Structures are given as C-alpha cells and as structure tokens.
1. Can you tell me which condition W8 does not meet? The list is (1) within 17 Å of the chain's Cα centre (by Cα); (2) exposed (fewer than 12 other Cβ atoms within 10 Å of the Cβ), and all the others hold.
2. Only residues that are closer than 13 Å to F38 by Cα and either touching a strand residue (DSSP E or B) at 6+ places or on another chain (Cβ under 9 Å) or without any contact (Cβ under 8 Å) to a residue 60 or more places away in the chain (or both): list them for the stretch 77-109, please.
3. I need the helices (runs of 4 or more DSSP H) fully contained in the stretch 1-115, keeping only those with at least 1 residues that are more than 24 Å from E181 (Cβ to Cβ).
4. Just wondering, is there one or more residues in the stretch 83-90 that are open to solvent by 60 Å² or more (accessible area, probe 1.4 Å), at pLDDT below 60 and under 24 Å from the mean Cα position of the chain (by Cα)?
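The values are calculated or read from the model by the stated rules, or taken from the named source; none is laboratory data. What you see is a predicted model; the values in this text were computed from it and never measured. With ideal geometry, Cβ positions are generated from the backbone for all residues, glycine too; neighbour counts draw on all protein chains shown. Please note that ligands, DNA and RNA were not included when accessible areas were found on the heavy atoms of the full protein model with its side chains. Shrake-Rupley method; radii C 1.70, N 1.55, O 1.52, S 1.80 Å.
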Amino acid sequence: MFMNWRKWLDGFVLAAKGILLATKEKRFWYGFIPSFIFFGMLMNLLNAGLAKFELIRVLGFPKGLRIIGESFIAIFGINQSFFDWLPIFFIAILQGVLIGLIVLLWKKKKEQNTANLEKAGIITGLIALGAGCPTCGTTLITPLIGVIFSTGSLSIAGTISAIVTWLAIVIAILSLKRLGEETYVTIVNEKYLARHAKEKEKNAKSR
C-alpha cells in the first residue's frame, strides 16, 4: 500500500516537471492566458447566479460593460473578499493550465506524428475529453443553485456552491496530474529525438 502511495506521489512530481517544461513553450501561454481570463470572468459573473447577466441586459450597451470590467478586475482580488476570491482565482489558474497543456500537447503530437495527423488529433482529443472542464461544471451548477434556492436560503446555497467549487479544484488537480505526466513524456521524447537526429547527422558528416 505504501508503494502505491509512493507511485501516486511520484506521478504528481512528474506532472509538476511536465508543467514546468510546458511554461517554457509559447504555445502553452497561447492556451493559458485566454482561458484564465475567460473562466475567471465567467465565474465572477455567475457567483450570484444569473443576476449579473440580467443586470447587463437591463443596462444595455455601454453601461453593461462596466459589470464585465468589474468581473475582469475581480479575477485579481480587487473589490473582493479574500475567501470569495481565492477559490475562483485558483480554479481559473488550474483551468488555464489544463487548456494550455491541451493546446501544447495537440501541437506537439501533430509535429511528432507528421505521417499521421489524424491519429495525433484523435489522441489529443481523447486527452481533452479525459481532462474535462471542472470550471464548466462549477459555472453551470452555480446559477442553478441560485435558481433552486430562495433568497431565504442563501446560506444553504452558498455552502453548496462552495462545496462544488472546491470539488472542481480537486477534479482539476487530478486532471493536471494526467496531463502533466503526458506533457513531460512528450517533451522529453521530443528532445531525445532531436538530439538523436543531430548525432545521426553529425556521424553521417564525419564519414
């Protein structure tokens, strides 16, 4: 049993190395930055159910843009209580990393499987489906909680919403473990193939 735990923890270490390697790639940031902003804003807009969307509709353009702007700066904790901000920020980070890894893996597998791009696309698609979208679950369930519970039961609704949010964090971390490991293997394999190709070319020239 101890060995199983050791193996499981080693998987997280490997995943962390994979994520660290991914941050050195521009393609990772192409997926991370827009995803982080999008999901952070979406969760801030939905943290009170659908009320903010209704307010945007009533105010119209351009006044409604102020609410969207407030949801953007709220990602960074501005005008937010710490305990309301922290889980939303953490989930936005995790979801951004997840999508950043998926984008990077898709590109890497296309490059490493140039003879079979369709296969590479299918593999990466399965990775994306396996990772899922913990944030999507959170953002979809949050407004439903606001609809199901009356204003007199806001404390119950808030408790359930918090449980769903932290559950999404756990799911995202487990998804990151799988994607991080896959990223590490893919990048290390790419470096090995590149080094092997250079050595082969060097040997060919020396003959």
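1. That leaves (1) as the condition not met.
2. I88, F89, A92, I93 - these are the residues of the stretch 77-109 that are closer than 13 Å to F38 by Cα and either touching a strand residue (DSSP E or B) at 6+ places or on another chain (Cβ under 9 Å) or without any contact (Cβ under 8 Å) to a residue 60 or more places away in the chain (or both).
3. Values: elements: 2-22, 26-45, 51-59, 64-73, 82-112.
The qualifying helices (runs of 4 or more DSSP H) are 26-45, 51-59, 64-73, 82-112.
4. no
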